1. What aspartates and glutamates sit close enough to Lys73 to cross-link, taking a C-alpha to C-alpha distance under 19 Å and skipping anything fewer than 8 places away on the same chain?
2. Please give every one of the lysines within straight-line cross-link reach of Lys262, meaning a C-alpha to C-alpha distance under 26 Å, and leave out same-chain neighbours fewer than 8 residues apart.
3. Can you list the residues of region 166-202 with backbone N under 17 Å from a point 7 Å past the Cα of Arg40, pointing along Cα to Cβ?
4. Looking at (i) 1.03; (ii) 1.06; (iii) 0.97, which value of Rg/Rh (Cα atoms, Kirkwood Rh) comes from a calculation on the structure shown?
5. I need to check one value: relative contact order of region 32-184, counting alpha carbon pairs closer than 8 Å and at least 6 residues apart, in percent.
6. Restricting to DSSP H runs of at least four residues, report the calculated mean residue ellipticity at 222 nm for the chain, -39500 (n - 2.57) per run over all residues, nearest 500 deg cm²/dmol.
7. Quick one: 3J(HN,Hα) in Hz for region 99-112, Karplus 6.51/-1.76/1.60 with θ = phi - 60°, rounded, Gly and Pro as x.
8. If you place +1 on the Cβ of every Lys and Arg, -1 on the Cβ of every Asp and Glu, and leave all else neutral, what size is the dipole of the chain about its Cα centre, to the nearest 20 Debye?
Amino acid sequence: MRKTLCLLLLFAVFSMLVSNPLVFLNDPRTAFSVDFQVDRFKFSLFVPMVRSIAPIDWFLAKENAQLLKGLIKVESDFFVHALSEKGAMGLTQLMPATAKELGILNPFNVFQSVDGANRYLKDLQKRFNSVNLALAAYYEGPTKVARQGPSVEGLKYAQKVLNNARDFENKMAFFKDAMYFEPYVEFGEHLSAGLNFYLSLLGAAYLTGGLNVSDKISQHVFVYPNITDSVSLIFGERDLNLVGGFFFRKMPDFGIQLLVGKNELDVSALARVWRFYITAGFSQQRLHVGFIFK
């Protein structure tokens, strides 16, 4: 009995790990997945599309506008969901500790990222009384620059930002972000097919939806307001029934999603293992397990 309870507990924890590509928006590459149920088999293809969103000038304050354009070009090439191996996030590649100091809850949020970087740059310029030193401090940390002076790499970074700032002085630049389309087919008692989509709304929220056709037609639309870079609420509808829940993620490694609605409890999971993802969960009164390959 104890072993059975332990196994059920382990499965519950595992199944609370999100089987949708919002977890890897930062890595827009084509992926495919296979998902198994007792009486069903589902094959999906995740097709990314990096698109221009809006002119960056709309979101920049007049002060430091050109400098910020140069910095964003160097840091993220204007990609909203840029994520470095060291954990720097968003357009301006803020590290988690720096974002916390600046009071930024979600560095992937365009508004918060740009505002935070602007305030940070102004503080660095005031502290060092030099644009070059401020940029070097942005790159390698103000404490290091204050103690040891800027490194060669830091000064090269500063010059690169300034060169890009001049290049974009009279040129329009656009934010870029990824969206995914997921066409799929499902084999079982009834053959079904459908299309889901997943997209970011300036990093401030996500929007997902889909249409499925089998013996009947079903659809869903969900909005994910992002509270932090890791936590989102979920509001939406499935077949005209209200659905709510939460979404927790740690890009690009795992996520947790729970949806609750009328006659519905959907818990699904994704965790990265080496170069692929394992998915598992409980939805529509069925257990499922699968793999996503990127």
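1. Asp27, Asp57, Glu63, Glu85, Asp115, Glu140, Glu153, Asp167, Glu169, Asp177
2. Lys42, Lys216
3. Only 182-197 pass the distance filter.
4. Evaluating Rg/Rh (Cα atoms, Kirkwood Rh) on these atoms matches (ii).
5. Relative contact order, region 32-184: 35 percent.
6. -9000 deg cm²/dmol
7. Those phi angles translate into 4, 5, 4, 8, x, 8, 7, 9, x, 7, 6, 3, 5, 5 Hz.
8. So the dipole magnitude of the chain works out to roughly 820 debye.
Laboratory data are not the source of any read-out in this text; all were calculated from the coordinates shown. Bear in mind the structure is a predicted one, so any value in this text is a computation, not a measurement. Neighbour counts run over all protein chains shown; Cβ positions are idealised from the backbone, glycine included.
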